[in-house]
Amino acid sequence: MKNLVIVESPSKSKTIEKYLGKDYKVTSSKGHIRDLATVGKEGLGVDVENGFKPTYVVSKDKKTVVKDLKKMVEDADFVYLATDPDREGEAISWHLASELGLDLNENNRIVFNEITKNAVINALKEPRTIDMALVRSQETRRILDRIIGFKLSKLLQRKIQSKSAGRVQSIALRMICDKEKEIAKFVPEEYWTIKALLNKKIETELTKYNGKKITLNNEEDTKKVIEALGEDYTLKDVVSKSKKRSAYLPFITSTLQQEASTKLGFTSKKTMSVAQSLYEGVNIGKEQTGLITYMRTDSTRLSKEFIDAANDYIVNTYGKEYKGNYRVKNDENSQDAHEAIRPTNINNQPDDIKQYLTSDQYKLYKLIYARALSSLMADSISDVLTYTFDNNGYEFTVSGSKLNFDGFLKVYGEYDKTKDVVLPKLDKGDVLKASKVENIQHFTEAPARYTEAKLIKALEEEGVGRPSTYATIIETIIKRGYVELKKASESGKTKFFFPTEQGNLTDDKLRDYFSDVINIKYTANMEKELDDIAMDKIDNIEALETFYNEFEPLVKQAYDKMEKQQPEKTGEVCPDCGGDVVIRNGRFGKFKSCINYPNCKWHESLVKKEEPETLDRTCPECGAPLLKRKSRYGNYFIGCSAYPKCKYIEAIEGEKPKKFFARKKK
């Protein structure tokens, strides 16, 4: 072996190995190989008193992986580290270099934003050293999360039986709880509208009286207006204009998660999982290739190569009038480390490669393809016509529109349906009669609860968390039992976040004792500091010391003053010892137990068993449908529906492997 290339994902390694010749071997670390230990003071794995020095250990499930990697490194003439092109990927490369004994001063780090042959070959021509500023930023984030997570979780478990708290998950919970408080305080206000149906087909609405906006607060006022109306509605004003709509910008991580949620019904976790598979590579018949660029990004920038290729495609396919202008607009907090999410090759049209993709891959790829291509297309143009009718000083208006040039909607129209509202041709001075006049009662509506898409958008706007973290944040607060994602009514289709009783209690206690550090402004500023560390602008140890000096006194105060919540009694009697039965929060949800625990160990789960999800795949051993199941450990895995007759089983990437995964097929 001459050259060894180490990536994170096995599927990525298979794709890349096809691009390189016999002088290269590509292997995978299968994600992180080590993490902070749980030793030392308070089990933090961080020596707070000696410059926040971390202690790392190889994860139990990666010991064999590391052993195999070390053997490969010994046999190789040179080792390239090709983990993901972000801070976490940089940190993984550093952990690999440290554990495998690689020289940190050597140009052995390669990065590429897309997994295509050209991108990988070009990256090999420009290796660099590991960026230690990025590593320090990621390490600081991990240390912060460990300190906050461990200390707050232990406190809340002891005091109120909450499972955990975290730096960013607590802010997401706060936002959901605040929204619920806003809704509870909301007092609806009454208002009325008056509509007149003219010539049996033109529905107009009262907007002004003698040129001034009119507001109707009760039924009595509306009746007075109706009594003052005459029979004639005279067309007073005709306004005709063209309205342009610019194309949407290409996807960044958060907008992809939002659009996939609203248009495809995907959860943020599902979106990122499917996007990962598209990024890592798919066999499309003629080649194995990554279909999209790196899916963790906050930049709307596109490469010149893609812009040129897409512009040629637009002109050749739709005509030069459909070619638009390239625009880029990044948030002030954007790191702009990678370009937007786009197809790696504009010629890989979704329908042409549909046969090689799963149903979910096809849906998401088609959405990404359409968004990126349409972002470079011309504005759509609509003809907008507005009529204003006068009736004794009361002005009724109606507007219609007709799409004149579809522009970017030629490609993105499937995801942005606009309907024409065509008005009959009328001339100023025309007099119409009303076939119906009605007054309608309304009430102002309370603020809407967060959907998954809206919560992601709100977190992004507040500068809390980073694109790669949103899916994990949402999954955590649901899994901890702090919020529920459910429909607001039986007839509704959209799911909203509702805080649970335990979620509200957790937020209240964090608000009472940690308002100085668990708040939106402080957390967003912390993200800014992590960005500054990544750019080598500030010292990471000083940032940790500043935080810790604020945080630790609050923890001590909370231990002293926060009251311990007693478990709720059910009124039942323990069948084993006769003691009171209480409800407790456990690792796998709520359960009943004897108040005399640990002397009496009687218990009974209150968690409903989760039904398995049927997947769009069949078992490779027996052909039966595969199911996504939840294990007794709380994590998910894929198993055969014919179990126990067929014992095929596989892990899901991102889920912590448990002992039962040792029972894989022989």
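Nothing in this text is a laboratory measurement; each read-out follows from the coordinates by a stated rule. Just so it is clear, the model here is predicted, and its values are computed rather than measured. For neighbour counting, all protein chains shown are included, and Cβ atoms are generated from backbone atoms with ideal geometry for every residue, glycine included.
Quick one: divide the alpha-carbon radius of gyration of the stretch 282-409 by 2.2 N^0.38 Å and tell me what you get. It is 1.44. When +1 charges are put on Lys and Arg Cβ atoms and -1 charges on Asp and Glu Cβ atoms, the dipole computed for the stretch 112-261 relative to its Cα centre reaches about 1100 debye. With contacts taken as Cα pairs under 8 Å at a separation of at least 6 residues, the stretch 44-127 carries a relative contact order of 20 percent. In this structure the amide hydrogen of SER28, modeled in the peptide plane, comes within under 5 Å of the amide hydrogens of VAL7, none closer than 5 places in sequence on its chain. Put simply, the stretch 261-333 fits an ellipsoid with semi-axes of 25, 20, 14 Å; these come from the alpha carbon gyration tensor as the roots of five times its eigenvalues, largest first. Taking a cut-off of 46 Å, what percent of all Cα-Cα pairs in the chain are separated by more than that? Taking all Cα-Cα pairs of the chain, the fraction more than 46 Å apart is 32 percent.
Simple rule: put +1 on each Lys or Arg Cβ and -1 on each Asp or Glu Cβ in the chain, find the dipole, and look at ILE541, ASN210, ILE638; the Cα lying farthest toward the positive end is ILE638. Couplings 3J(HN,Hα) of the stretch 571-583, computed from phi: x, 8, 10, 4, x, 8, 10, x, x, 5, 8, 10, 9 Hz, in residue order, whole Hz [Karplus 6.51 cos²θ - 1.76 cosθ + 1.60, θ = phi - 60°; x for Gly and Pro].
Loop-located GluC sites (Glu not before Pro) across the stretch 554-599 with a Cβ neighbour count of 13 or fewer within 10 Å are GLU563, with loop assigned by DSSP. Note on SER399 and GLU445: their simple-model spin labels are 1.9 nm apart, each label 7 Å out from Cα toward Cβ. Residues whose amide H falls under 5 Å from that of GLU484, counting only those 5 or more places apart or on a different chain, are PHE498, THR500, with hydrogens built in the peptide plane. Residue by residue, the stretch 271-282 carries 3J(HN,Hα) couplings of 4, 5, 5, 5, 4, 4, 5, 5, 6, 6, x, 9 Hz when phi is fed to the Karplus relation 6.51 cos²θ - 1.76 cosθ + 1.60 (θ = phi - 60°); x denotes Gly or Pro. In this simple spin-label model, placing a label point 7 Å from the Cα along the Cα-to-Cβ direction at both LYS304 and LYS561 gives a separation of 6.0 nm. The H on the amide N of TYR56, modeled in the peptide plane, is under 5 Å from the matching H of ALA37, each at least 5 residues off or on a different chain. Using a cutoff of 8 angstrom between alpha carbon atoms and counting only pairs six or more residues apart, the relative contact order for the stretch 38-177 works out to 17 percent. Compute the label zone of ALA184 within the stretch 495-511: residues whose backbone N is under 18 Å from the point 7 Å along Cα-to-Cβ. It comes to 497-511, nothing else. For chymotrypsin sites (Phe, Trp or Tyr not before Pro), the sites in the stretch 143-236 that DSSP calls loop and that have at most 13 other Cβ atoms within 10 Å are PHE186. A Förster radius of 22 Å combined with the Cβ-Cβ distance from SER359 to ASP68 puts the calculated FRET efficiency at roughly 0.05. Applied to the stretch 65-73, the Karplus parametrisation 6.51 cos²θ - 1.76 cosθ + 1.60 on θ = phi - 60° returns per-residue 3J(HN,Hα) values of 4, 5, 4, 5, 5, 4, 5, 5, 4 Hz, with x for Gly and Pro. Of the GluC sites (Glu not before Pro) found in the stretch 472-553, those in coil by DSSP whose Cβ has at most 11 other Cβ atoms within 10 Å are GLU490.
Diffusion of the stretch 354-484 by Stokes-Einstein, at 4 °C in a medium of 1.567 mPa s and with Rh set to the Kirkwood radius over alpha-carbon pairs, works out to 63 µm²/s.
Distance between the 7 Å Cα→Cβ label points at THR129 and CYS622: 5.7 nm.
Were the residues from ASN347 through VAL57 laid out at 0.36 nm apart, the gain over their Cα-Cα distance would be 99.9 nm.
Considering only alpha-carbon pairs that sit under 8 angstrom and 6 or more positions apart, the relative contact order computed for the stretch 82-160 is 31 percent.
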